[in-house]
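Peer 1: Mind having a look at this structure? Questions to follow.
The values are calculated or read from the model by the stated rules, or taken from the named source; none is laboratory data. Source: prediction; values computed, not measured. Ideal geometry is used to build each Cβ from the backbone, glycine not excepted, and the neighbour counts take in all protein chains shown.
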Amino acid sequence: MPEGGWTHASAPYLRPPAAGQADAWTTETAAKGRKGTQRVVRAGEVRASREVAELLGLHEAAEVIVRRRVMFLDGEPTELTDTYYPAAIARGTRLTETSKIPGGAVTLLADLGHVAHVVREVVRARMPDAQERESLAMGADAPVLTLTRVTADDRGVPFQVDVSVFPAATQELSYERRVD
């Protein structure tokens with residue numbers, strides 16, 4: 001892991017925590033002796049970009065619900081994440097609000113019958129735009145990693161798309177897959 005940085009693993013974010021437990025980010029950081037917090041800076045209905053619509057299997061410019069979050073590690077911004085849900089699933093739920101959801105969105109989605117069975121992730125490196133650079137308190141020449149995750153149910157129907165941006169110098173992505 002980069003010094004002072006963070007190793008990201010996807011598995012903790014795919015299943016709801018036990019009843020009464022905190023969300024995955026809070027739990028994972030606490031287990032490593034660190035403090036993870038988040039701020040939802042926007043939540044509500046928007047028209048999907050072409051990429052998000054395609055990833056969710058929707059028509060271009062379909063209505064989706066977005067939750068835009070800034071993740072903090074020990075008080076410092078470490079990640080920007082936009083999470084998109086089909087409006088048919090998320091409209092009228094707490095996913096449209098900026099308040100925290102007990103157990104995280106994964107718990108609410110499971111209660112609605114949407115549980116992860118298939119996950120596809122793509123990681124890319126690029127230079128950040130001005131807003132990303134400012135939000136993550138990065139230097140002008142520092143690259144970012146982007147992670148696009150599509151989560152689908154047991155029929156392969158996508159119900160969530162996450163687009164995350166991390167400072168590349170302080171992040172590591174870790175994957176473990178069971179091969180049967």
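Peer 1: Quick one: count up the residues across the range 52-81 that are surrounded by 19 or more Cβ atoms within 10 Å (Cβ to Cβ), more than 14 Å from the chain's Cα centre (by Cα) and at pLDDT below 95.
Peer 2: Final tally of qualifying residues: 1.
Peer 1: Just for the range 35-50: of the residues that are touching a residue at least 40 places away in the same chain (Cβ under 8 Å) and over 22 Å from residue 24 (Cα atoms), which one is surrounded by the most Cβ atoms within 10 Å (Cβ to Cβ)?
Peer 2: 44
Peer 1: From the set of residues in the range 83-94 that are surrounded by fewer than 18 Cβ atoms within 10 Å (Cβ to Cβ) and not aliphatic (A, V, I, L, M), which is farthest from the chain's Cα centre (by Cα)?
Peer 2: Top of the filtered list is 92.
Peer 1: Let me ask something else about it. With the structure loaded, tell me whether residue 127 is of a type in the set (A, V, I, L, M, F, W, C), over 18 Å from residue 56 (Cβ atoms) and crowded, with 18+ Cβ neighbours inside 10 Å or whether it fails that test.
Peer 2: Details: of a type in the set (A, V, I, L, M, F, W, C): yes; over 18 Å from residue 56 (Cβ atoms): yes; crowded, with 18+ Cβ neighbours inside 10 Å: no.
It is false that residue 127 is of a type in the set (A, V, I, L, M, F, W, C), over 18 Å from residue 56 (Cβ atoms) and crowded, with 18+ Cβ neighbours inside 10 Å.
Peer 1: Could you go through the range 97-118 and let me know if any residue there is in contact (Cβ under 8 Å) with a residue 24 or more places away in the chain and in a strand (DSSP E or B).
Peer 2: Taking every residue of the range 97-118 in turn, at least one turns out to be in contact (Cβ under 8 Å) with a residue 24 or more places away in the chain and in a strand (DSSP E or B).
Peer 1: What number goes with the only condition from (1) surrounded by 14 or more Cβ atoms within 10 Å (Cβ to Cβ); (2) free of Cβ contacts under 8 Å to residues at least 40 places away in the same chain; (3) under 28 Å from residue 138 (Cα atoms); (4) not basic (Lys, Arg) that residue 31 does not pass?
Peer 2: It fails just one condition, (1).
Peer 1: While we're on this one: Would you confirm whether or not the range 141-159 contains a residue that is over 24 Å from residue 39 (Cα atoms), small (Gly, Ala, Ser) and part of a loop (DSSP other than H, G, I, E, B)?
Peer 2: To start, the set of residues in the range 141-159 that are over 24 Å from residue 39 (Cα atoms) comprises 141, 152-158.
Subset that is small (Gly, Ala, Ser): 152, 156.
Pick out the ones that are also part of a loop (DSSP other than H, G, I, E, B) and you get 156.
Looking through the range 141-159, at least one residue is over 24 Å from residue 39 (Cα atoms), small (Gly, Ala, Ser) and part of a loop (DSSP other than H, G, I, E, B).
A quick yes/no check of all residues on (1) surrounded by fewer than 14 Cβ atoms within 10 Å (Cβ to Cβ); (2) modelled with pLDDT of 95 or more:
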position: 96; (1), (2): no, yes
position: 114; (1), (2): no, yes
position: 117; (1), (2): yes, no
position: 146; (1), (2): no, yes
position: 159; (1), (2): no, yes
position: 170; (1), (2): no, no
position: 176; (1), (2): yes, no
